[in-house]
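Since the structure comes first, as structure tokens, the remarks are kept for the end.
The values are calculated or read from the model by the stated rules, or taken from the named source; none is laboratory data. Here the structure is a predicted model, which means the values were calculated and not measured. Here the Cβ positions follow ideal geometry from the backbone for every residue, glycine too, while neighbour counts run over all protein chains shown. Note: areas computed on protein heavy atoms with side chains; ligands, DNA, RNA excluded. Shrake-Rupley method; radii C 1.70, N 1.55, O 1.52, S 1.80 Å.
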Amino acid sequence: MTKEELRAKANELPLKPGVYLMMDRTGKVIYVGKAKKLKNRVSQYFQENNASHNEKTRRMVAQVDTFDTIFVSSEFEALILENSLIKQHMPHYNILLKDDKGYPFVRLGKEPYARFSMVNRPADDGARYFGPFGGRSETRAAIDAVCAAFKLPTCTRRFPRDIGKERPCLNHHMGRCDGFCRGVPDEKEYTNRIEQATQLLSGHYKQLTRAMREEMEREAEALRFEQAAALRDRISAIESLGKRQKVIAGICADTDVWGVYRGAAKCGWAVIHVEDGSVTGRETDVFAAPTDETEADMLSALLNQYYLPRAVLPREILLPCETVDASELAGVLTERAGRKVSVHVPQRGDKAELLRMAERNAREDVERVTTLQERENRTLAALGEMLGMDAPERMESYDISNTGASDIVASMVVYEGAKPKKSAYRRFHMKTVSEHPDDYASMEEVLTRRLRRYLDGDEKFAPLPDVLLIDGGVTHAQVAERVCAALNVPLPVFGMVKDDRHHTRALVTAEGREIDLHANPAVFALIGQIQDETHRFAITFHHESHTRSAMHSALDDVPGVGRTRKAALLKAFKSVKAIREADEAALAAVVPKNTARAVWEHFHPSGEPKE
């Protein structure tokens, strides 16, 4: 379908909630979204020159051949249906968590003496399912830990078939199992412990320990101290389990704290689980997302996919920023949990500090798995998107430095990728600008000389850069663009604009359009580094040139005075001024008489009498 046909189809949609599926020419679903009013949301994608679209959205829309919609009766239903369709189609342009194969479930059958087992996904077989949890090894460790806490069997024997057939296994002798294979404890006690274990896996951690304490007190009052001691040990095991086991800690937690971090190459999320103010565990993952995806958009996609499949939910979810559907998510989770689940953004205090901890966890995971080359490639790609071009492979930057009208110099710094290539740096002494300082004329001269050297076949000035970065504002950019046009060498030109503290804040085109760099910290840092390096190279060259110039004007033009005799004179008289004021006899005490006469005559050209 053409863009006009897609726009017309979108305008025919009703103002009702629902889910939309964008498809490419092959019929593959490439994006799934939800909307309170389908007509308004879907039609926005096909408006001409929509400035609100980020780069990811523009790429997605360019591939859309048709779309489909599913109407629902409420925003809650749209939220749940969107998550289900994302899991089903795994669209390329949606932010995706790992698929369900990465999140195992714990299964409990309905037969007598049922056991806990790990499965990839729930089935419609009448069994009870808990989860999803973390990775397979973590889920297996959680099953073992729960069974150990309640002293349930984990061996291969099956009950009641194998009761009394063999002696208890090593687990019983180690105190990890109460030896149900003996027939004591009986099936009633086994069923009671399984039910307690399911309460723990269902997230009823506090209710479980409270009920077990009440039972322990009843046993103690009835003078059944052995049973009371066993309950005490079981309560202690369950409480320590919530602190030690990563997966179980997530179940025991009453607060989830979210952190999201967008790196140069990858993005990451972290969930810190908190129980009664203490951190009990965390979950993290790294995922791919466009550099222009906002934190709120990423969070919205992650929260829905993370919580909607879960049977166990916290009472409170803390977020680093507001999301558009936070209230709808809270409503859905409250309905599923059978109690209130709040979703909010703390601004200060201990909860805000927990948010910063979660963000640090996400950042550390991203930086750990991201290579330096990946970060550089992502930064250059983001810079190219900002400048409306491919990722630049070679960049050249220029700066002018002078002291009044003397020693006007320019520096040319070259970056290949995100690294400086110092062997390609070049320095220029101004030839046509000497009477008074003129940065614009100086920039025109140095760029003209650089491009002419390339056009004349000088290999030291090859190849041409992908972009020119000029230290200065719009006028400097205009000068550079004028030089490129005059020599018929079309190159993208951008001025590097500084703020009041002399830090690069933006790039500017010759037409005056500013490109703010703060939106991407990695690009901001790279351009700042290039400008600082260009300025450093120019200042260093200027100081060297100025020093050579000052020394040359004093002694280097004196016949017979070379490096050795100049050093001897400066060592004896300490300064050029003292040499100038010394008589010929004093000079002859340091250097030969003919050299002393030459030095004296150099500083007294009028032939004034000797003292």
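The heavy atoms of TYR454 offer some 80 square angstrom of accessible surface to a 1.4 angstrom probe.
The helix-only estimate of mean residue ellipticity at 222 nm for the chain, built from DSSP H runs of length n ≥ 4 each weighted as -39500 (n - 2.57), is -14000 deg cm²/dmol after division by the residue total.
With a 1.4 Å probe and all protein chains left in place, how much accessible area per residue does segment 159-213 have, in Å²?
Values: 3160 Å² over 55 residues.
So segment 159-213 comes to 57 Å² accessible per residue, rounded to a whole number.
State whether the chain is rounded, prolate or oblate according to the following rule on the C-alpha gyration tensor (a ≥ b ≥ c being the square roots of its eigenvalues): a/c under 1.5 gives rounded; otherwise a/b larger than b/c gives prolate, and the remaining case gives oblate. The shape class here is prolate.
In the context of the full protein assembly, VAL324 retains an accessible surface of approximately 120 Å², using a probe radius of 1.4 Å and ignoring ligands and nucleic acids. The simple spin-label model puts a point 7 Å past each Cα toward its Cβ; for ASP583 and HIS173 those points are separated by 11.4 nm. Only lysines eight or more places from LYS39 in sequence, or on another chain, were considered; those with a Cα closer than 19 Å are LYS3, LYS9, LYS16. Taking every protein chain into account, the accessible area of segment 1-145 amounts to 52 square angstrom per residue (probe 1.4 Å).
Ignoring ligands, DNA and RNA, what accessible area per residue does segment 288-339 give at 1.4 Å, in Å²?
I get 36 Å² per residue for segment 288-339.
Each residue was assigned an accessible area with a 1.4 Å probe, and for PHE287 the value is about 10 Å². Measuring nothing but protein heavy atoms, the accessible surface of the chain at 1.4 Å probe radius is 50 percent carbon and sulfur. Using the beta-carbon distance between VAL474 and ASN54 and R0 = 35 Å, what value does 1/(1 + (r/R0)^6) give for FRET efficiency, to the nearest 0.05? Working from the Cβ atoms, E equals 0.85.
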